[in-house]
Amino acid sequence: MADAVTVAIVGSPGVAGELGKKGTSSDVTLFNSVRDGHAVTLVEPTQFPEKIAPLVSALAMADRCLLIIQELNRPLAETIATLEISEIPTTVVMGPAVGEADVGRILKGGRLESAPRTPLDLPALRALVDGWTAPDVPGPVRVPLDHAFPVKGVGAVALGVVRQGTLRAHDRLRLWPSPKVVEIRSIQVHDVDRKEAGCGERVGAAIKGVEADEIARGQILAPEGSLWEGTRLSSGPLEKCRYYRGDAGVGAHLHLALGLQVVPVVLEEMGKEGGVLAPDRPVAFAANESAVLIDLDVPVGPRVLGRTVVRGIA
């Protein structure tokens with residue numbers, strides 16, 4: 001198992017920059033730290049709360065989460081609502097201006113009520129994340145991509161974290177959900193050339209067979225036949241966010257967050273046994289993969305409607 005982990009840092013901006021060196025930045029910003037051979041990638045949703053997608057994407061990129069509570073405000077409430085419907089292991093970090101009673105009150109009744117809590121102490125947080133590693137997931141290699149850029153003399157370089165299996169130089173993989181088959185020309189992990197990278201490691205992969213501007217966030221490097229793709233998806237029942245105050249139902253135009261793919265979707269059917277989701281473009285996924293439904297038109301309260309599981313093609 002690779003000695004690496006990706007951690008989402010949400011709730012309060014600025015803490016990630018104290019724990020790592022700034023790297024790639026867009027609507028999410030990545031910070032990197034390598035100590036004693038242990039690599040930590042920290043993800044901060046830079047454009048949240050203006051947009052909800054960076055928060056959902058940051059959580060989808062990570063193995064663990066630090067929820068930083070420094071003040072009680074609306075963005076924090078939406079962050080907590082989003083975390084409530086996720087499964088990511090979370091540690092609550094309390095700033096000096098909040099007390100146990102405040103934190104207990106805002107987390108009462110949800111999965112975070114029993115989450116570990118620790119004071120905001122930077123050396124202690126560094127030690128904490130240095131003790132975390134990503135889970136080792138066997139199977140065909142799977143690398144969801146979050147950024148890509150051209151490099152002169154090299155071509156397209158795509159960035160992502162190996163989520164399953166082992167990525168090896170010269171692998172021929174499909175760039176899901178596109179039909180393109182590409183070759184991994186070379187691999188770097190934190191600027192070090194490697195022949196392969198394992199679960200949890202963040203890679204920069206030079207790719208032959210595609211241009212950088214053809215690579216979008218959410219696309220996945222994986223072998224042919226190892227994933228599903230489609231535009232009409234069979235889902236499990238909807239687990240609504242308990243804080244959601246909208247009225248979206250069957251026929252609603254929403255957004256589907258599936259891995260790092262965030263696409264418009266129509267909720268065609270939904271019942272006690274499951275439903276049908278119709279994204280406006282092909283999406284790629286593993287069977288029984290968790291997904292989040294987002295309602296951008298909700299007048300008040302969090303924009304996350306709830307969570308479901310994508311079972312396969314409808």
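The values are calculated or read from the model by the stated rules, or taken from the named source; none is laboratory data. These numbers come from a predicted model, not from an experiment. All Cβ positions, glycine included, derive from the backbone under ideal geometry; neighbour counts span all protein chains shown.
Okay, here's what the table says:
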item: Any strands (runs of 3 or more DSSP E) falling wholly within segment 99-170 and containing at least 1 residues that are among the basic types (Lys, Arg); result: 117-119
item: Count of segment 189-206 residues which are over 22 Å from the mean Cα position of the chain (by Cα), assigned to a strand (DSSP E or B) and of a type outside the set (A, V, I, L, M, F, W, C); result: 3
item: Qualifying residue in segment 37-45 (condition: free of Cβ contacts under 8 Å to residues at least 60 places away in the same chain, buried (at least 17 other Cβ atoms within 10 Å of the Cβ) and not in a strand (DSSP E or B)); result: yes
item: Conditions (1) without any contact (Cβ under 8 Å) to a residue 60 or more places away in the chain; (2) surrounded by fewer than 16 Cβ atoms within 10 Å (Cβ to Cβ): number failed by Ala156; result: (2)
item: Filter result for Arg307 (more than 21 Å from Glu50 (Cα to Cα) and in contact with a Cys (Cβ under 9 Å, 6 or more places away or on another chain)); result: yes
item: Subset of segment 10-25 that is free of Cβ contacts under 8 Å to residues at least 60 places away in the same chain and exposed (fewer than 15 other Cβ atoms within 10 Å of the Cβ) - its residue that is farthest from Glu78 (Cα to Cα); result: Lys21
item: Failed item in (1) part of a strand (DSSP E or B); (2) out of contact with any Asp or Glu (no Cβ under 9 Å at 6 or more places or on another chain), with Glu18 passing the rest; result: (1)
item: Single unsatisfied condition, Gly110 versus (1) more than 25 Å from Leu258 (Cα to Cα); (2) buried (at least 16 other Cβ atoms within 10 Å of the Cβ); result: (1)
item: Residue among Arg245, Arg217 that is part of a loop (DSSP other than H, G, I, E, B), surrounded by 21 or more Cβ atoms within 10 Å (Cβ to Cβ) and either assigned by TED's automatic domain parsing to the domain that holds Leu55 or in contact (Cβ under 8 Å) with a residue 40 or more places away in the chain (or both); result: Arg217
item: Hey, Val250 surrounded by 16 or more Cβ atoms within 10 Å (Cβ to Cβ) and closer than 17 Å to Leu296 by Cα or not; result: no
item: Filter pass, Val266 being more than 24 Å from Arg142 (Cβ to Cβ), of a type in the set (Val, Ile, Thr), assigned to a loop (DSSP other than H, G, I, E, B) and not assigned by TED's automatic domain parsing to the domain that holds Ser57; result: no
item: Qualifying residue in segment 253-260 (condition: outside the structural domain of Leu175 (by TED's automatic domain parsing) and at positive phi); result: yes
item: Filter result for Ala127 (in contact (Cβ under 8 Å) with a residue 40 or more places away in the chain and small (Gly, Ala, Ser)); result: no
item: Of all residues in segment 176-188 being assigned to a loop (DSSP other than H, G, I, E, B) and over 23 Å from the mean Cα position of the chain (by Cα), the one that is surrounded by the most Cβ atoms within 10 Å (Cβ to Cβ); result: Lys180
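Yes/no per residue for (1) outside the structural domain of Ile9 (by TED's automatic domain parsing); (2) closer than 22 Å to Asp3 by Cα; (3) in contact with a Pro (Cβ under 8 Å, 6 or more places away or on another chain):
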site	(1), (2), (3)
Val137	yes, yes, no
Lys152	yes, no, no
Val161	yes, yes, yes
Pro177	yes, no, yes
Lys180	yes, no, no
His190	yes, yes, no
